[in-house]
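Some notes on the structure that comes next.
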Amino acid sequence: MNRNRLCSFFILSCFSFSVQAQDTLKPVKAVRIHTPPKIDGVLDEEIWKDVPVSDNFIQWDPDYKAPSSQRTEVKIVYDDDAIYIGAFMYDAHPDSILHELGSRDDQGLNADYFFTGIDTYNKQIDAYYFGVTASGVQLDLREQDDTYDAVWLSAVKLNDKGWCAEFRIPYSAIRFPAGKDLNWRVHFRRNIRRRRELSRCPFYPKEDPKFLKYFAHLEGLSEIKAPTRLSLVPYLSVSGENSPDYNADGSYNSNSTGLSYGAGADIKFGLNDRFTLDATLLPDFSQVQSDNKVKNLSYREVTYQENRPFFKEGVELFNKMGLFYSRRVGRLPTLHDSLQLNIPKGAVLEDNPSQTRLLNSIKFSGRTNGGLGIGIFNAITDNMYATIRDSTGNRKKILTEPFTNYNILVFDQQLRNSSSVTLINTSVLRDKGWMNADVTGLGFELLNKKNNIRLSGEEGLSQHFKKDSTGKMQGLLGYKYGLGLEKIGGNLTYGVKHTGYSNTYDQRDMGYYVVTNQRNTFTYITYDQFVANKYFRNSEVSLSNQYAVNFINGNRTNNEIDVNAFAMLLNYLVFFGGVGTNPQRSLDYFEPRVPGYVFQTRRTVYGYLGTSTDYRKRFAVDLKLVGAQYLNEDVHGFFGEADLGLRFRVNDRLSIFYNGMLSQDNYNIGFAALDSMGVPVIGSRTLHTLVNQLKLKYIFSPTMSLSLSGRHYWNTGHYYHYYTLNNDGSLNPDATYQTINDFNYNVFNIDLVYTWIFSPGSSISVIYKNAIEQNNITNVMPSRFDSDFNGTIRSPQINSLSLKLLYYLDYQEVKRAIQKRKASIQE
């Protein structure tokens, strides 16, 4: 069935339901005004005086269901351009209000804050949240998108009675339906940091996972026209980079220096009150935060956080069923690493780009009145070439990644009781005869009227197309399925989920990596304590089991049992821990890396214990200890790890963070290499890992900051036995294999970032980066940390310095400025 027929079938098969609202909540009144207030954190204008007050704040923490310890008053007014929110947070001890400075959207600050939530469609699906700390730091997000950043105004002011927050949220920053009388819902929350008190208005119970139904009606909104939502954010950038030129033997002659310029833009256009088109043209990602790279000995893929703004914001509709891993777009070119390892003798690798160039990308998304969400994502990346210079000086370009089109089409129909049905398709089309891929997924979530029982399921179909030796396109088909039944409401939750992946299913061209060729059953039961007792403020304990078998022959591939617990004491000291075991040997069909071979895993038992101190204190500590041991095996294998986090707040502007990890695995066993005949060799090895990461953050103001981050990752592996695999996955010693596979891997990064938001939505940023990555195969390991570190910082490195200017242009604001200018000229 082709995509068009699938989409038509889906649309015709779905029915929209109106969601029943909770009408028992006290409504909030909004008042229309004609003269907008000055956003200065002082509610002294006449327009605020007769506005109805919302003040029924009830504690969530620490005294669940008790009235808030301090009074809060919230007022709402609006005009043709924006909605305005004024909140006064009374405090009997105003000199104790905490107000640490921080960067935008930093909700971990040691500061009081106030938030407003707005459900503009009254569908209990999504909501906008706008907040501000007592130090003036803006916080915003959406229920379905934590990365949402809008352009709006806020101001705060502290006085002898408490502190005040004032918001101006332009209609161009949000979506809402057209109509004479609007039916919005709102919610407020206040945090008093020194008491760790969180209060809500209206209140809703912790036991109910669907809290959007507890938002209060916002009455009085009328005659508001949804404005033309059009904004443009052009950018200019300049960057310089100094990087090494590698020879075929891995050495390098000298560093080359390059200077580059860039220009492009992000465009956001509201096609109507429901749908928005986002586009990025010639984006520049030179200032993206460095990845925390690690040595990966597993066949499982390491995934990294998305730090590119365009791919972080507004993608909630596309993140369905794990089929969209945005780092695939603009990824490391496919032949990048193999080319670096196979440079022709006597040649020099002059240029080998490590990131595929993105030409442009668009996102189209929105939801109809009937609750049907529609999303289209498309991105195009350019041909990528490496440059090799031979011994005669001739240069040759080698294609490392072809011109590629990435596309996603998704339909998400909301049903009664917050239920939903989703259809999604991803496709990757590559030029020059490289492999194409297409994946389609169909999923559903059905909830009962109380929203405490959930039935979920999904189906997936993957297709890969590649030319054979005759030039004919051949396809490979795979599929997955899943079904789950869970109790999700109340103190006691439990459930069972079953998934299956055929041996030919593959979603990696655009989605997240999953272990295929297995059927997996996951069961769990969890008890949460929400109300404080004489020992704990809150706690949780859970028991789970994950059991998996081979998809084809039914052989066991995993059987893991876990018990985990968490508790916060009355003094806010946190303890957590757990134990787990794999009590039976299982078969791993992927560890050998070659089809037809299987590896027999060992029985293990493990445990962990950790603690976290109160972040309100100037100095806070996070500590976690992990230990694992083989269980009833013929070898002694122990794994130990210690993770340490330190937070030191020097003052409200300067903070220092340290994170360190030390681990040792004295009998790690797994795939080592392929021998000369292509047969997998299994090796037992000792692994040592040391990570040190330090970050300093200085905040000049809520709109200006400087941060310095440095990270060193050191991982070594020493092999002392090699084995061949028997047919049943057991091992035989191999005395003939003599290749050295010991390694000493280092990654070192420095990111120095200066940011100044000189106007709402507009910024200047200057970033310096230093990057070193060394993966040495050696049988001589550094004996000390200082000798390894000194060798690392003397290694070939990439240094870059970039400057970027972003300027936000909003159609409505530009239009008003022009009208105001014309009026002043006429006067």
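Quick one: in the stretch 88-180, what % of C-alpha pairs are over 15 Å apart? Can you show the working numbers first?
Values: 2641 of 4278 pairs.
Cα-Cα pairs of the stretch 88-180 separated by over 15 Å account for 62 percent.
What FRET efficiency comes out for Ala817 versus Ser676 if R0 is 51 angstrom and r is the Cβ-Cβ distance? Round to the nearest 0.05. All intermediate terms of the calculation are to be shown ahead of the outcome.
Details: r = 73 Å, r/R0 = 1.43.
According to the calculation, E is roughly 0.10.
How big is the dipole moment of the stretch 180-231 about its Cα centre under a simple scheme where the beta carbon of each Lys and Arg is +1, that of each Asp and Glu is -1, and everything else is neutral? Debye, nearest 20, please. Write down the numbers at each step before the final one.
Details: 14 positive and 6 negative charges, 93 e Å.
Magnitude of the dipole: close to 440 debye.
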TODO: List, in order, the whole-Hz ³J(HN,Hα) value for each residue of the stretch 215-226 obtained from phi through the Karplus relation with A = 6.51, B = -1.76, C = 1.60 and θ = phi - 60°; use x for Gly and Pro.
DONE: 5, 8, 5, 9, 9, x, 7, 7, 6, 10, 9, 5
TODO: Kindly identify the stretch 14-152 as rounded, prolate or oblate by the Cα gyration tensor criterion: order the square roots of the eigenvalues as a ≥ b ≥ c, call it rounded if a/c is under 1.5, otherwise compare a/b with b/c, prolate if a/b is larger, else oblate.
DONE: rounded
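Heavy atoms only, probe 1.4 angstrom, no DNA, RNA or ligands counted: give me Leu690, Leu803 ranked by accessible area, highest first. Intermediate results must be reported in sequence, preceding the final value.
On the way: Leu690 40, Leu803 80 Å².
Descending accessible area places them as Leu803, Leu690.
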Task: Span from the the stretch 44-70 Cα centroid across to the the stretch 267-311 one, whole angstrom - done: 39
- [ ] In whole angstrom, note down how far apart the Cα centers of the stretch 752-783 and the stretch 493-529 are.
- [x] 35
Open item on the list: Along the Cα→Cβ direction, 7 angstrom out, place labels at His93 and Lys293. What is the inter-label distance in nm?
Closed with: 5.0
- [ ] Would you mind checking the tilt of helix 811-826 against the longest principal axis of the Cα atoms of the chain, expressed as 0 to 90 degrees and rounded to 10?
- [x] 40
Task: All-pairs alpha carbon distance profile, the stretch 737-823, 10 Å steps from 0, percent - done: 13, 25, 19, 15, 12, 9, 6, 2, 0
- [ ] Could you run the Karplus curve 6.51 cos²θ - 1.76 cosθ + 1.60 with θ = phi - 60° over the stretch 498-509 and give me ³J(HN,Hα) per residue in whole Hz, x for Gly and Pro?
- [x] 10, 10, x, 10, 5, 5, 10, 6, 8, 10, 6, 5
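Would you please give the FRET efficiency between Leu259 and Ser391, computed as 1/(1 + (r/R0)^6) with r the Cβ-Cβ distance and R0 = 22 Å, to the nearest 0.05?
Details: r = 28 Å, r/R0 = 1.28.
E(calc), rounded to 0.05, equals 0.20.
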Task: Surface share of carbon and sulfur [accessible, 1.4 angstrom probe, percent] for the stretch 323-460 - done: 53
Open item on the list: With the crude spin-label approximation of a point 7 Å out along Cα→Cβ, what separation in nm comes out for Ile453 versus Glu207?
Closed with: 1.7
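Using a ≥ b ≥ c from the Cα gyration tensor of the stretch 414-469 (square roots of the eigenvalues), is it rounded, prolate or oblate, where a/c under 1.5 gives rounded and otherwise the larger of a/b and b/c decides, a/b for prolate?
On the way: a/c = 7.45, a/b = 3.98, b/c = 1.87.
Cα axes put the stretch 414-469 in the prolate bin.
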Task: Computed [θ] at 222 nm, deg cm²/dmol, the chain (DSSP H ≥ 4; -39,500 (n - 2.57); rounded to nearest 500) - done: -1500 deg cm²/dmol
TODO: State the Cα centre-to-centre distance between the stretch 348-370 and the stretch 572-611 in whole Å.
DONE: 36
Task: Accessible surface, 1.4 Å probe, highest first, among residues Asp119, Asp634, Asp390 - done: Asp634, Asp390, Asp119
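If you count, for each residue, the other Cβ atoms within 10 Å and average over each peptide, how do 745-751, 192-198 line up from highest to lowest? Walk me through the numbers on the way to the answer.
Numbers: 745-751: 20.1, 192-198: 18.0.
Going by the mean number of other Cβ atoms within 10 Å, highest first, we get 745-751, 192-198.
In Å², what does the accessible area per residue of the chain work out to with a 1.4 Å probe?
On the way: 39410 Å² over 827 residues.
Value returned for the chain: 48 Å² of accessible area per residue.
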Task: Share of carbon and sulfur in the accessible heavy-atom surface of the stretch 573-690 [1.4 Å probe, %] - done: 62
TODO: Using only the Cα atoms of the stretch 524-572, build the gyration tensor, take square roots of its eigenvalues as a ≥ b ≥ c, and label the shape rounded, prolate or oblate: rounded if a/c is under 1.5, else prolate if a/b is larger than b/c, else oblate.
DONE: prolate
Task: Helix 3-13 vs. the chain, principal-axis angle (Cα, 0 to 90°, nearest 10) - done: 40
Open item on the list: Please list log₁₀ I(q)/I(0) at q = 0.13, 0.15, 0.20 Å⁻¹ for the stretch 190-302, using the Debye equation with identical point scatterers on the alpha-carbon positions.
Closed with: -1.02, -1.06, -1.12
- [ ] Take the Cα atoms of the stretch 349-389, find their three principal axes, and give me the spread along each one in whole Å, biggest first.
- [x] 60, 12, 7
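Considering only protein heavy atoms, with the full assembly of protein chains and a 1.4 angstrom probe, order Leu442, Leu317 by accessible area, largest first. Present the calculation step by step, with values, prior to reporting the outcome.
Values: Leu442 80, Leu317 15 Å².
Reading off the accessible areas and sorting them downward yields Leu442, Leu317.
Which value, in nm² and rounded to one decimal, describes the direction-averaged projected area of the C-alpha convex hull of the stretch 643-799? Write down the numbers at each step before the final one.
Working: hull surface 55.3 nm².
Mean projected area of the Cα convex hull: 13.8 nm².
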TODO: Would you please state the base-10 log of I(q)/I(0) at q = 0.16, 0.21 1/Å for the stretch 514-649, with intensities from the Debye formula using one equal scatterer on every alpha carbon?
DONE: -0.96, -1.23
Open item on the list: Given all pairs of different Cα atoms, what value in angstroms does the Kirkwood hydrodynamic radius of the stretch 602-729 take?
Closed with: 18.0
Task: Farthest positive-ward along the chain dipole, Cα basis, beta-carbon charges - from Pro402, Phe748, Ala379 - done: Ala379
Task: Probe 1.4 Å - accessible area at Trp60, Å² to nearest ten - done: 40
TODO: Assign unit charges at the C-beta atoms only (+1 for Lys and Arg, -1 for Asp and Glu), then state the dipole size of the chain relative to its Cα centre in Debye, rounded to the nearest 20.
DONE: 940
Task: Nearest-0.05 FRET efficiency for Gln474 and Ile525, computed from C-beta distance (R0 60 Å) - done: 0.80
Open item on the list: Could you derive backbone 3J(HN,Hα) for the stretch 46-61 from the dihedral phi with the Karplus parameters 6.51, -1.76 and 1.60 (θ = phi - 60°), listing whole Hz in sequence and x where the residue is Gly or Pro?
Closed with: 4, 4, 8, 5, 9, 7, x, 9, 9, 9, 8, 8, 10, 6, 8, 9
Open item on the list: With the crude spin-label approximation of a point 7 Å out along Cα→Cβ, what separation in nm comes out for Leu696 versus Asn666?
Closed with: 4.0
Open item on the list: Filter Lys123/Lys213; Lys180/Lys449; Lys363/Lys815; Lys65/Lys534; Lys29/Lys157; Lys38/Lys225 down to the pairs with a C-alpha to C-alpha distance above 19 Å, please.
Closed with: Lys180/Lys449; Lys363/Lys815; Lys29/Lys157; Lys38/Lys225
Task: Extreme residue, positive dipole direction of the stretch 63-222, given options Ser172, Gln138, Gln70 (C-beta unit charges) - done: Gln70
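The values are calculated or read from the model by the stated rules, or taken from the named source; none is laboratory data. Since the model is a prediction, treat every value here as computed from it, not as a measurement. As a convention, Cβ positions derive from the backbone with ideal geometry for all residues, glycine included, and neighbour counts pool all protein chains shown. Surface accessibility is based on the protein's heavy atoms, side chains included, excluding ligands, DNA and RNA. Shrake-Rupley method; radii C 1.70, N 1.55, O 1.52, S 1.80 Å.
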